[in-house]
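A short worksheet on the structure shown next.
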Amino acid sequence: MSWSFLLAAFTPFNLMLAFVGVAAGIIIGGLPGLSATMAVAVLVPVTFGMEPASGLIMLGAIYTGAIYGGAYSAILVNTPGTPSAIATTFDGYPMAKRGDGDLAVTLATLSSVVGGLTGALALLTLAPMLATIALQFGSVEYFWLAVLGLTLISALSEGATIKGFIGASLGLLLSTVGVAVVGGDVRYTFGSSLLLGGVEIISALIGLYCIPVLIDLVATPDPHLRVSEKASGFRLREALGYALRSKFNMIRSAIIGTIVAILPGAGGSIASLVSYSEARRSSKNRERFGQGEPDGILATESANNATVGGGFIPTLVLGIPGTPPDAIILGALLVQGVRTGPELFTENADISYTFIYGLLIATFLLLPMGLVIGRYAFKSIISIPKAILAPTVAFMTVIGTYAIRNNVWDVLIMLVLGVLGWFLNRAGFKPSPIVLGLILGPIAEQGFVQAVLMGQAQGAVLPIFFRGPISWTIVAIIVIATLYPLFAMVRKHRQTAAKAGSDE
Amino acid sequence: MKSPFMTVLAGAVTSLAMGTAVAQSDFPSKDLSYIIPFGPGGESDISARLQQEYFTDITGQEAVIEYKPGGGGAVAWSQFNDMPADGHTIIGTNLPHIILQPLAKDVGFETDDLNNFYFFHYSPDAILVPADSPYQTLEDLVEAAEEAPGSITFSGSGTYSANHVAQTRFDELAGITTTYIPYKGTGAAVTALKSGEVSAEWGYSTVAANHQDDTRMLAIASSERHPLFPDVPTFQELGYDLEGGAYRGMAVPEGTPEEAKQRLSEIFGEINQDPEFVERMQELGFFLVDVPADEVDDFLAERRAEYEEVARAFDLID
C-alpha cells in the first residue's frame, strides 16, 4: 500500500515543490545569516494554501537544502551559513584555501545526500520506535550531555587546550546575558534594554567567524582562495574515491546525526560537532584534522543532513519538535488542522508517508542540484574580485544578522563580537570553543537547575544526577573523553621513551 | 500592487456584506504589519496565523506577520512605540507578560506604554497528567500534595509565566505546597510530563488538545467547560476560584489615531465572530473572549489586581 504514497509524492506538483524547495533552501542556507530556521519560517505562509502533504514536502525540501547550503559559506568564506555547518569550517576552509574548494563542495554534497537519506529512511521505517528515545532524556541527561559537549573543546583545541577553555568560558558567560528562562532573572544587561534579548547564537556565529575573515580579506593583498591548476569540473571521481574509503565514517556520522536530532533541544550544530570529534578520534590521520582533511567534511555534512529526517521523528510521532525548524513546521501543521501523534502514521498515513517519500526525493535532488549550484558558488567566489567580494559579504552579514530577530542591536553585538574575535584569533583563541560555550551554556544551566529543583522535591539532590543507565553512560563517556588526551600523551611519551631506549 | 480604487471597492463591498456602514472604510489602506514578539511556531504565532486570512477577507489587505523575539517578548514591546503610528503597525500582546515583566524589573517598557485595542482569546490554564498517571481527579492530586508537601512536581513553561502564576495561585487556593519546575517553552514542559520526570504539568487546554493520546487534563481554568473537552471540569466547578490563562491581545503604537484604533478593534472583533474561525480556534484548545478597545482598560485593571497578588507571593514586589 505504501507504493500509493510513493506515487502520491511523485505527482508533478510535488516534484516541482521539492525542486523549488531544495533550490531556494540551498541559496538561503548558503548565505551567511540566513539560516534553515528562517528559510522555513519565510515559506510557511506559502504552504497554507496547499494540501498538508505538499506543504510538508516543500518545507522539508527547503530545510534539507538549507542545511546543505550552509556548507558553501563554511567552506568558501569560513562562515557557517547555518549553525549546523560550524564544524564544516574546520576542514572545509583549509581545503578551499589550498585550492581544493571545489573538491570540498563535492564531498559535502555526497555526504549530505548519504546523511539525508539515512535520516529520512530512519523516519520512514523506525519512527515510532526511535521517538521514545526523546523521552529517555530528561533534565539530568541534558545537563550531562551539555557537559559532554564542553569536553569536546579539549579535542577541538588540541595544542592550545587552555586557550580553548578560556574561549569556552567566555562563551558560557555570554550565554547568561539577558532574561534567564529558568529563574527569570535579568543578568549582565547593565540596565540597558539593548542586551535584554541576550546574545543570539547565529549573530555570534557571523561575528566570530565571518568578520575576522573579512578583516583579513581587506588587510592582506593575497587572493581570497588559491585556485588549483588541475581544478576542472566537479572532481566527482576524486570525491567518490574519498567517500567510498570513508563509508564507515559517513554512516556513523549519519547515525549520530539521526539520534542527536531526535533529542529535542540538541540539533544540527551539536550533531556535526559530535560526529566530527568521533571521526577525528577514530581516524588514522588525526593530526590532519583541522588542516583540510576530507574526512572532517564527510562527517559533519553527513551528520547535519541526517538531523533533518531525524528531527521529524519526535515532531511527527510525539508532537515535540526535534530541531528549531521542526518547531515552526509543527506550528504550521497545527494551523492546517493536522494533529501529530501516532495516528499521523495510521489514520493520516497519506499525509505522513507521502511527505516522507517527498523528503527522500528532495534528498536525491540534492545530488545533481547541489553539484551544479555548488560549482557555480565556487566559481563566483574565486572569480569575483576582492573589491566586490568583501563588501558583498559584509553587506550580507549585516542583513543576515538583522533578519534573525528583526533587531538592530543584534547587528551591533555581531560587529562587536567580530572585532573582538579578530583580536582573539590573532592571540590564538579560536571561535569554536566560544560558540560551543554559547550553545551549550543554556542547556547545561537549565538542566542543572531543573535537576536540583526536582532533587529538592524528592529530598535528595545528588542522587538524581546519577539516576539511571543513561546518565551513568554519559558520565562515563565524559570521564573517558576528559582523560583520553592525558592517556594518549602518556602513551606517546612511553613510546618515544621506549623508542629512544631501543635506539641506544 | 492593488489600485486604490480596488481597495475602496473591496472595503465598500465588505461593509455592505456585513450590513454595517463603516465611515472609515478607507482604513486600512495598505498591508498591516503584525509583529509577534516571539519566534514562529508558538501559540501567539499560530493564533495570529489563523486571524490572517479573515483579516484579508474583511479588509482586502494582508496582515503580514513579523517575528521579533527576545527577552520573553520584552525586546519587541520595549521598542514598539518607536514604530510608525498610522494604524498599519500592530503588535501581539500577552498576559501576564506585559503586566508581570515591568512589575518585576526594568524591561524597558511599562504596561501602560502598550496601547492595547483588543484581547481576543486565552489559553486556559490547566493541570495535565500523563495518561498512565495514578491521579484520576484533581482531588487525588491535591490529597497527594497534602500528604507530602513539596513532593508533587509540576513542569511549566518559564519563570514568572502564566504557568507559574497558575501554580502559585492554585497552591494558595488549595492550601498546598507543590514544586514548580520551569522549562524552556511548552514543548519542553510537555516532554518532561510524558517522560514521567514530573508528576504533572501546569499547561493549557491547548497542550491537552495537541497531546490527547498520552495526557489527561484534570481541570481547566476557563469560565465554562471547553467544547473540545466536555468531560473535563472547570476549577470553579471543583470549588477553586481559578479562571484565566495566557491572554492574547493586540496593541498599536502610541500616537495612533483614535479612529484607526477603533476600526482595528472592530475588524478583529468581527474576525472573532466568524464561525469558521471560532471552530478552528476551539479545535486547537483556545478559549475565545471579546475585549474591545473600550473595555480594555477595565479588563487590564482586573488582571493587574490578580497578578499583583501573585507578584507579592513571588516576592517581586512588597
Exactly one of these conditions fails for residue A:396: (1) hydrophobic (A, V, I, L, M, F, W, C); (2) in contact with a Cys (Cβ under 9 Å, 6 or more places away or on another chain); (3) within 14 Å of chain B (Cβ to nearest Cβ). Give me its number.
(3)
All-but-one check, residue B:64 against (1) modelled with pLDDT under 90; (2) within 13 Å of chain A (Cβ to nearest Cβ), failing number (1)
Hey, any hits in segment B:103-117 for a residue that's of a type in the set (Phe, Trp, Tyr), closer than 16 Å to residue B:36 by Cα and either touching a His at 6+ places or on another chain (Cβ under 9 Å) or not assigned by TED's automatic domain parsing to the domain that holds residue B:276 (or both)?
no
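Scan segment B:123-130 and tell me whether some residue there is within 14 Å of chain A (Cβ to nearest Cβ) and in a loop (DSSP other than H, G, I, E, B).
Initial filter on segment B:123-130 (within 14 Å of chain A (Cβ to nearest Cβ)): B:123, B:128, B:130.
Checking the rest, the ones that are also in a loop (DSSP other than H, G, I, E, B) come to none.
Checked segment B:123-130: no residue is within 14 Å of chain A (Cβ to nearest Cβ) and in a loop (DSSP other than H, G, I, E, B).
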Restricting to segment B:40-52, give me the number of residues that are touching a Phe, Trp or Tyr at 6+ places or on another chain (Cβ under 8 Å) and either modelled with pLDDT under 90 or part of a loop (DSSP other than H, G, I, E, B) (or both).
1
Of B:26, B:57, B:45, the only residue that is at the interface with chain A (Cβ under 8 Å from one of its Cβ atoms) and either in contact (Cβ under 8 Å) with a residue 12 or more places away in the chain or over 19 Å from residue B:257 (Cβ atoms) (or both) is B:45
Can you confirm whether segment A:481-500 contains a residue that is touching an Asp or Glu at 6+ places or on another chain (Cβ under 9 Å) and farther than 21 Å from residue A:80 by Cβ?
yes
Being under 20 Å from the mean Cα position of the chain (by Cα) and either among the small types (Gly, Ala, Ser) or farther than 30 Å from residue A:168 by Cβ (or both) is the filter here, so list the residues in segment A:122-155 that pass it.
A:122, A:123, A:134, A:146, A:149, A:154, A:155
Residue B:243 is checked against (1) touching a Phe, Trp or Tyr at 6+ places or on another chain (Cβ under 8 Å); (2) at pLDDT below 95; (3) outside any loop (DSSP other than H, G, I, E, B) and fails just one. What number does that condition carry?
(3)
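Each row is one residue, and each column tells you yes or no for (1) touching a strand residue (DSSP E or B) at 6+ places or on another chain (Cβ under 9 Å); (2) of a type in the set (Phe, Trp, Tyr); (3) more than 30 Å from residue A:82 (Cα to Cα).
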residue: A:406; (1), (2), (3): yes, no, no
residue: A:414; (1), (2), (3): no, no, no
residue: A:439; (1), (2), (3): no, no, no
residue: A:456; (1), (2), (3): yes, no, yes
residue: A:468; (1), (2), (3): no, no, yes
Could you list, in sequence order, the residues of segment A:324-359 that are surrounded by 22 or more Cβ atoms within 10 Å (Cβ to Cβ) and of a type in the set (S, T, N, Q)?
A:340, A:352, A:354
Go through (1) surrounded by fewer than 18 Cβ atoms within 10 Å (Cβ to Cβ); (2) within 18 Å of the chain's Cα centre (by Cα) for residue B:173 and report which single condition fails.
(2)
Where residue A:188 falls short, out of the listed (1) out of contact with any strand residue (DSSP E or B) (no Cβ under 9 Å at 6 or more places or on another chain); (2) of a type outside the set (S, T, N, Q); (3) modelled with pLDDT of 85 or more:
(1)
Among the residues of segment A:195-227, how many are closer than 23 Å to residue A:83 by Cβ, out of contact with any Lys or Arg (no Cβ under 7 Å at 6 or more places or on another chain) and outside any loop (DSSP other than H, G, I, E, B)?
17
Quick test of your reading of the structure: residue A:24 fulfils all but one of (1) out of contact with any Gly (no Cβ under 8 Å at 6 or more places or on another chain); (2) under 30 Å from residue A:210 (Cα atoms); (3) without any contact (Cβ under 8 Å) to a residue 60 or more places away in the chain. Name the failing condition by number.
(1)
Number of positions in segment B:209-224 that are under 18 Å from the mean Cα position of the chain (by Cα) and either in a loop (DSSP other than H, G, I, E, B) or farther than 20 Å from residue B:164 by Cα (or both):
6
Do we find that residue B:258 is of a type in the set (D, E, K, R) and within 24 Å of residue B:200 (Cα to Cα) in this structure?
no
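The values are calculated or read from the model by the stated rules, or taken from the named source; none is laboratory data. Source: prediction; values computed, not measured. Heads up, the Cβs are rebuilt from the backbone with ideal geometry, glycines too, and the neighbour counts pull from every protein chain shown.
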